[in-house]
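Here's the structure we're looking at; comments come further down.
The values are calculated or read from the model by the stated rules, or taken from the named source; none is laboratory data. None of the values given here were measured: they were computed from a predicted structure. When we count neighbours, we look across all protein chains shown, and the Cβ atoms used for this are built from the backbone with ideal geometry, even at glycine.
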């Protein structure tokens with residue numbers, strides 16, 4: 001065999017080994033990324049929101065690890081077969097898996113792997129890096145570890161109706177608002193429903209009072225827990241909430257400066273997600289799930305609002321009262337449903353369900369008023385009183 005042929009054979013063998021080594025390294029990195037996603041989802045199910053009260057430092061590490069409040073990602077479904085690999089920069093690789101968080105909320109779970117030879121930047125990330133998964137691998141003489149795992153919503157995820165992004169939607173909502181005000185001022189079907197709902201509330205006033213104490217109490221617990229959190233952690237929680245609003249399009253509409261469109265978006269989101277999906281539907285399961293879910297939600301909502309304990313909070317107080325009261329009434333409606341069934345038996349099922357559904361128009365009116373006030377507050381009152 002000639003020297004040239006021998007050298008050619010060695011070169012081919014070397015190239016083959018190099019390709020095989022790179023392939024095996026990429027395969028190992030993909031396994032590490034998939035394990036990180038599975039660990040991320042498993043830990044979300046085990047997360048205890050009450051740790052914000054007992055262990056604020058641990059809570060901060062967990063919020064950084066999840067990238068959001070864990071309650072928001074527990075229902076995330078990940079398609080591990082649909083994955084893309086992207087090199088962000090030298091020493092940083094991102095694996096992106098298509099995913100769905102909740103009903104129709106499409107996006108992807110992103111896992112960033114970083115070579116440990118490159119330092120982690122940012123004081124918060126560096127201080128909280130111990131909360132990241134401990135998995136690592138050795139590839140090409142470099143150690144790789146998981147830097148972060150995040151759910152990123154698609155820009156076209158169907159959160160807000162497309163019509164709300166049209167300039168004329170503000171005029172439509174303004175006209176519908178006038179119709180609603182007219183119905184409230186006349187002896188209409190809407191007023192009859194509200195009067196009947198008020199009679200039901202008076203019949204179950206002790207239950208409604210107890211429900212209010214429970215849920216507002218959970219909110220205050222969240223506020224006190226937030227006061228105990230370090231400033232960096234509070235900033236992270238605040239940015240998480242702002243990022244969620246940005247993902248669903250609320251921030252974009254606020255930037256448009258259109259009061260009517262912003263009010264319409266706030267009302268749609270609060271009524272469809274807050275009142276119907278996460279309160280009415282659980283309340284239909286004999287009330288108890290709605291109480292458990294909303295106690296956790298009110299506790300969670302209280303944490304970021306701890307940072308708002310300043311004069312501007314008084315300006316936002318009507319929104320607190322109206323929006324939360326709407327959710328409280330529907331939750332109490334689930335309690336009325338259960339109480340009626342216990343007292344009168346399953347023969348009263350239609351009456352019990354009717355009491356629950358009578359809370360819906362009342363909650364809608366409360367959310368309608370809150371949406372208009374909040375929109376005016378954000379776009380007009382805050383800039384006027386505190387500057388742009």
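Things worth noting here:
- Scanning segment 140-164 for residues that are surrounded by 14 or more Cβ atoms within 10 Å (Cβ to Cβ), modelled with pLDDT of 80 or more and within 28 Å of residue 376 (Cβ to Cβ) yields a count of 1.
- The residues listed here are 339, 352, 370; of these, the one that is surrounded by 22 or more Cβ atoms within 10 Å (Cβ to Cβ), in contact (Cβ under 8 Å) with a residue 24 or more places away in the chain and within 24 Å of residue 198 (Cβ to Cβ) is 370.
Results for (1) assigned to a helix (DSSP H, G or I); (2) at pLDDT below 75; (3) more than 20 Å from the chain's Cα centre (by Cα); (4) under 30 Å from residue 237 (Cβ atoms), shown as yes or no for each residue.
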position	(1), (2), (3), (4)
12	yes, yes, yes, no
37	yes, no, no, yes
95	no, no, yes, yes
98	no, no, no, yes
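- Test: residue 223 is buried (at least 16 other Cβ atoms within 10 Å of the Cβ), modelled with pLDDT of 80 or more and over 21 Å from the mean Cα position of the chain (by Cα): no
- Residue check for residue 108: in contact with a strand residue (DSSP E or B) (Cβ under 6 Å, 6 or more places away or on another chain), within 27 Å of residue 161 (Cβ to Cβ), at pLDDT 80 or above and in a strand (DSSP E or B): yes
- Take the conditions (1) modelled with pLDDT of 95 or more; (2) within 32 Å of the chain's Cα centre (by Cα); (3) crowded, with 16+ Cβ neighbours inside 10 Å; residue 200 misses just one of them, which is (2).
- For segment 40-61, the condition of being assigned to a strand (DSSP E or B), under 21 Å from the mean Cα position of the chain (by Cα), within 18 Å of residue 153 (Cα to Cα) and at pLDDT 80 or above holds for none of the residues.
- Residue 19 at pLDDT below 85 and under 23 Å from residue 294 (Cα atoms): no
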